[in-house]
Each structure stands twice: as C-alpha cells, then as structure tokens.
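Chemist: Shown below is the structure under consideration.
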Amino acid sequence: DTKVVIPIESIDSLSVKSFPLCMRQLHEQLRSAHHLKHGGRLQYGLFLKGIGVTLEDSLRFWREEFTKIMELDKFEKQYAYNIRYNYGKEGSKKNYAPFNCLKIINNNVGPGDCHGCPFRHSEFNILKNKLKGYGLEGQAVNDIVDMTKKGHCQIACSKYFDAVHNTGLDLGINHPNQFFEESQKLLKG
Ligand code: SF4
C-alpha cells in the first residue's frame, strides 16, 4: 500500500481547495467551536482517515480541539474510543469506509448539526453568503446555488470544484475523497 500520509498540520491549508464543501464546513466548525456532534465526527473522521491522516495524528487533532472546551479525562473517556473505532482499533475492528455522497446527502441532519451535504442541507441564502465569503466569483456562486435549488447536489459540488480550482473539468463528484484526490492531482500536476 503506497498510500500518501497527510500530516495533520497541513489540513488547514488543504481544506481551502482540496476539501469538498461538506468537509470544509466541518473543519471550520471544529476549529471555531472546538466540538462536533456525533454525525459530524463520524463523517469528518472517516474522511480524514480516507485522505491519509494517521490514527496518531487524528487523535492528536481531535484532542487538541476538544480539550479547549473540556477536560482531557472527559475527552479520553467519551471521544477517543470513537476515533480509534473509526480506524478499526476498537469494537468489531472493521475497516470502516469513508461515506460517499449518496450516504451523506441522504443523512438525517438536525438543528445544530454540521454534517450532511451543504448542497442539500443548507439554506440557500446561507450557502450563497458562505460561497461569497470564500471569495468565489458572482456568476459561479449563482450557478452553484441554481443547481442546489434544482436539487442537483453533486452537480453543484462539481461546479464548486471548478470554481475553487479555476477550471472547467465538470467532474462527476460522487465521493468526498474523490474530490480530494482529483484536487490534489490538479494542484500537484
Ligand atoms: Fe460533499 Fe458529496 Fe455534497 Fe460534494 S456532493 S459537498 S462531496 S456530500
């Protein structure tokens, strides 16, 4: 297995272009609130594993954020297990696969949750402002929001990919980790 290892220190910068919006928003929420609810921890944790973040780096990353708002002891008792579980180190020791778009789009997302697909689960205005805030160009933002309104989440996601990479590849996006890999291919040439 020649899989690349992604150092956890690099994900702030990677999240800007190489993370799909669903993961970028989870990353930002974790950094700002120092917490994610269960659905978010699962969706984001498995994605990070999938891009090549090691278990050791993952544990350090979640611990550093969560212990800004809770005692280390609570983190170790209530949260560390699930991170090891995602990596197949606890419980049934299965090698859990990162979620694909279909699974994320069809997820139940409640108030206060940040997981799911922003092209399915965000309000249009919030989405629009977020994309503008990221500095995406007006026409691109409108195209993305139009597709979202029509219910075409994955096409909206492809347009988001093209907008952040300033390209017109029109990839079919069906997995957040595919988004990441295509982006890295493009950026590294
Ligand atoms: Fe994430 Fe897929 Fe939605 Fe894109 S279409 S934001 S990769 S769930």
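Chemist: One residue is enough: does segment 58-76 have a residue meeting the conditions at positive phi and either modelled with pLDDT under 95 or not β-branched (Val, Ile, Thr) (or both)?
Modeler: No, every residue in segment 58-76 fails to be at positive phi and either modelled with pLDDT under 95 or not β-branched (Val, Ile, Thr) (or both).
Chemist: What are the pairs with Cβ atoms under 7 angstrom where one residue, in segment 171-183, is more than 16 Å from residue 24 (Cβ to Cβ) and touching a residue at least 40 places away in the same chain (Cβ under 8 Å) and the other, located anywhere, is among the polar types (S, T, N, Q) and within 9 Å of the ligand (Cβ to nearest atom)? Sequence gap at least six, or different chains.
Modeler: Close Cβ pairs satisfying both conditions: 174/100; 174/154.
Chemist: For segment 94-132, give me the residue count where each residue is of a type in the set (S, T, N, Q), within 15 Å of the ligand (Cβ to nearest atom) and over 13 Å from the mean Cα position of the chain (by Cα).
Modeler: Result for segment 94-132: 4.
Chemist: Can you run down the residue pairs with Cβ atoms below 6 Å, 6 or more apart or on separate chains, where the first is in segment 109-136 and under 23 Å from residue 46 (Cβ atoms) and the partner is of a type in the set (Lys, Arg) and part of a loop (DSSP other than H, G, I, E, B)?
Modeler: That search, which allows pairs on different chains as well, returns 113/37.
Chemist: What are the residues in segment 62-74 that are part of a helix (DSSP H, G or I), touching a residue at least 24 places away in the same chain (Cβ under 8 Å) and surrounded by fewer than 19 Cβ atoms within 10 Å (Cβ to Cβ), if any?
Modeler: 65
Chemist: Go over the candidates 89, 77, 94 one by one and state the one that is surrounded by 11 or more Cβ atoms within 10 Å (Cβ to Cβ) and not hydrophobic (A, V, I, L, M, F, W, C).
Modeler: Checking each option against the conditions leaves just 89.
Chemist: Which of the following residues is under 11 Å from the mean Cα position of the chain (by Cα), hydrophobic (A, V, I, L, M, F, W, C) and closer than 25 Å to residue 112 by Cα: 46, 72?
Modeler: After ruling out the rest, the residue left standing is 46.
Chemist: Further question: Scan segment 133-152 and give yes if some residue there is under 17 Å from the mean Cα position of the chain (by Cα), at pLDDT 95 or above, part of a helix (DSSP H, G or I) and within 14 Å of the ligand (Cβ to nearest atom), otherwise no.
Modeler: no
Chemist: I've got another one for you. Kindly list the number of the only condition in (1) under 30 Å from residue 129 (Cβ atoms); (2) in a helix (DSSP H, G or I) that fails for residue 109.
Modeler: Status for residue 109: all satisfied but (2).
Chemist: Hey, could you check segment 160-189 for residues that are within 10 Å of the ligand (Cβ to nearest atom) and not in a loop (DSSP other than H, G, I, E, B) and say which is nearest to the chain's Cα centre (by Cα)?
Modeler: Among those residues, the one meeting the criterion is 176.
Chemist: Mind counting the residues in segment 11-30 that are surrounded by 24 or more Cβ atoms within 10 Å (Cβ to Cβ) and more than 14 Å from the ligand (Cβ to nearest atom)?
Modeler: Within segment 11-30, residues that are surrounded by 24 or more Cβ atoms within 10 Å (Cβ to Cβ) and more than 14 Å from the ligand (Cβ to nearest atom) number 0.
A quick yes/no check of all residues on (1) hydrophobic (A, V, I, L, M, F, W, C); (2) more than 13 Å from residue 21 (Cα to Cα); (3) out of contact with any helix residue (DSSP H, G or I) (no Cβ under 8 Å at 6 or more places or on another chain); (4) crowded, with 17+ Cβ neighbours inside 10 Å:
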residue	(1), (2), (3), (4)
101	yes, no, no, yes
113	no, yes, no, yes
135	no, yes, yes, no
164	yes, no, no, yes
168	no, yes, no, no
188	no, yes, yes, no
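The values are calculated or read from the model by the stated rules, or taken from the named source; none is laboratory data. What you see is a predicted model, and the numbers here were worked out from it, not measured in a lab. No Cβ is skipped: glycine too gets one built from the backbone with ideal geometry, and neighbour counts run over all protein chains shown.
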